[in-house]
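K.L.:
There's a structure below that I have some questions on.
The values are calculated or read from the model by the stated rules, or taken from the named source; none is laboratory data. None of these values were measured; they are calculated from a predicted model. As a convention, Cβ positions derive from the backbone with ideal geometry for all residues, glycine included, and neighbour counts pool all protein chains shown.
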């Protein structure tokens with residue numbers, strides 16, 4: 001692993017299992033994000049340059065909807081995340097929705113919801129090269145909290161507004 005700048009954790013950091021994903025090295029970029037969801041974000045998995053298969057999923061195993069976001073790593077990179085935090089139907093605090101931004105556009109929100117407390121983290125001259133947080137695993141599980149691991153692209157500074 002390589003050193004990234006950890007930014008935030010939005011959601012409930014007092015419940016669930018801690019998880020972390022980072023690109024394998026400084027020359028790698030995240031190419032694919034797989035998100036499963038229902039009422040909230042149930043799980044996330046990732047694939048980076050040089051990896052043939054995605055990471056094991058972080059979070060639950062029963063999301064009824066799934067979306068695979070695949071980008072062209074030679075011209076596109078993830079540089080923002082936004083979303084909402086709210087309670088799930090059982091009353092637990094969870095990541096309600098996520099949108100992933102790149103230097104060329106955005107993907108989301110998943111699920112398509114306007115509920116919850118919003119967060120937004122654009123990176124100026126930065127790239128998202130990892131994610132971390134807390135997740136309730138297994139059947140009925142979900143993402144309790146999420147944060148990002150960022151690195152500087154060429155010159156410039158990170159701007160985590």
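K.L.:
Tell me which residues, restricted to the stretch 56-76, are in a loop (DSSP other than H, G, I, E, B), over 23 Å from residue 126 (Cα atoms) and either modelled with pLDDT under 90 or under 16 Å from the mean Cα position of the chain (by Cα) (or both).
P.N.:
Correct list: 56, 57, 61, 62, 63.
K.L.:
Which residues, taken from the stretch 20-30, are modelled with pLDDT of 95 or more and buried (at least 22 other Cβ atoms within 10 Å of the Cβ)?
P.N.:
Within the stretch 20-30, just 30 meets the criteria.
K.L.:
Which of (1) closer than 27 Å to residue 25 by Cβ; (2) surrounded by 15 or more Cβ atoms within 10 Å (Cβ to Cβ); (3) modelled with pLDDT of 95 or more does residue 109 not meet, given it meets every other one?
P.N.:
(1) is the only condition that residue 109 fails.
K.L.:
Okay, next question. Counting just the residues of the stretch 38-55 that are closer than 15 Å to residue 133 by Cβ and not in a loop (DSSP other than H, G, I, E, B), which one comes out farthest from the chain's Cα centre (by Cα)? Let's see the steps before the verdict.
P.N.:
So in the stretch 38-55, the residues closer than 15 Å to residue 133 by Cβ come out as 40-46, 55.
Now narrow it down to the ones that are not in a loop (DSSP other than H, G, I, E, B): 41-46.
Numbers: 41: 10, 42: 12, 43: 10, 44: 7, 45: 9, 46: 9 Å.
Among residues in the stretch 38-55 that are closer than 15 Å to residue 133 by Cβ and not in a loop (DSSP other than H, G, I, E, B), the one farthest from the chain's Cα centre (by Cα) is 42.
K.L.:
Note down all Cβ pairs under 8 Å where the first residue falls in the stretch 107-120 and is touching a residue at least 12 places away in the same chain (Cβ under 8 Å), the second is exposed (fewer than 13 other Cβ atoms within 10 Å of the Cβ) and in a strand (DSSP E or B), and they're at least six residues apart or on different chains.
P.N.:
Hits for this filter: 110/65; 111/65.
K.L.:
Let me ask another. If I ask for residues that are surrounded by fewer than 16 Cβ atoms within 10 Å (Cβ to Cβ) and part of a loop (DSSP other than H, G, I, E, B), which ones from the stretch 114-140 would you list?
P.N.:
114, 115, 124, 125, 139, 140
K.L.:
Which one is farthest from the chain's Cα centre (by Cα) among residues in the stretch 77-92 that are within 19 Å of residue 17 (Cβ to Cβ) and at pLDDT 90 or above?
P.N.:
Step one: filter the stretch 77-92 for residues within 19 Å of residue 17 (Cβ to Cβ), giving 85, 88, 90, 92.
Pick out the ones that are also at pLDDT 90 or above and you get 85, 92.
Values: 85: 13, 92: 19 Å.
If we take residues in the stretch 77-92 being within 19 Å of residue 17 (Cβ to Cβ) and at pLDDT 90 or above, then 92 is farthest from the chain's Cα centre (by Cα).
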